[in-house]
Amino acid sequence: MATITRLHVNGRDAALEADGERILLSVLRDDLGLTGCKPGCGEGQCGACTVLVDGKPVRSCSMPASAVGEAKIRTVEGLEQDGKLHPVQQAFLEADAMQCGYCTCGMILSAVALLEQHPTPTEEQFLAAMDGNICRCGVYNNIRSAVKRASE
Ligand code: FES
């Protein structure tokens, strides 16, 4: 069984020893203590477990850790720079774009990926990027406001 010994996470090489068939979400949370990505549906449908792999949002519940290879992973813990929140994190705070907060890290990472690709996204681009992230509290209007605020 394949063993993975390191992952590139948040700009660092993280050393570990894990069965590569384990899902990425489990390795990030349980082995590396990066608990921003959340277990939700476990089937790639809700977006709570979203992380960025080479800048693209992926559902870490549905990806074997061994599939990451040399790619660079970013989690919500890696967004803050020099003690300053990422503009998308700041915008989520200012727009009050969370209620229970369970979906928030996944939402933020999907928004970061969107804005890196489309700094001023159209409505269609926004919907396409955020469509797979579900908020059971329903604060979608505030999330929309936060992404708009971060894009300005
Ligand atoms: Fe991964 Fe829902 S927990 S998409």
Point to revise | Top-ranked residue of segment 27-51 - restricted to ones that are in a helix (DSSP H, G or I) and out of contact with any helix residue (DSSP H, G or I) (no Cβ under 8 Å at 6 or more places or on another chain), ranked as farthest from the ligand (Cβ to nearest atom) | key: D31
Revision key, fill the gap. Residues in segment 1-36 that are free of Cβ contacts under 8 Å to residues at least 12 places away in the same chain and of a type outside the set (S, T, N, Q) total 7
Check your understanding: What tally of residues in segment 86-143 results from selecting those that are among the β-branched types (V, I, T) and surrounded by fewer than 20 Cβ atoms within 10 Å (Cβ to Cβ)?
Key -> 3
Revision key, fill the gap. Over segment 104-152, the set of residues of a type in the set (D, E, K, R) and farther than 20 Å from V53 by Cα is E123, E124, R136, R144, K148, R149, E152
Review point. What are the residues in segment 52-69 that are near the ligand (Cβ under 9 Å from one of its atoms), surrounded by 22 or more Cβ atoms within 10 Å (Cβ to Cβ) and in a helix (DSSP H, G or I), if any?
Key: S60, C61
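Laboratory data are not the source of any read-out in this text; all were calculated from the coordinates shown. These numbers come from a predicted model, not from an experiment. All Cβ positions, glycine included, derive from the backbone under ideal geometry; neighbour counts span all protein chains shown.
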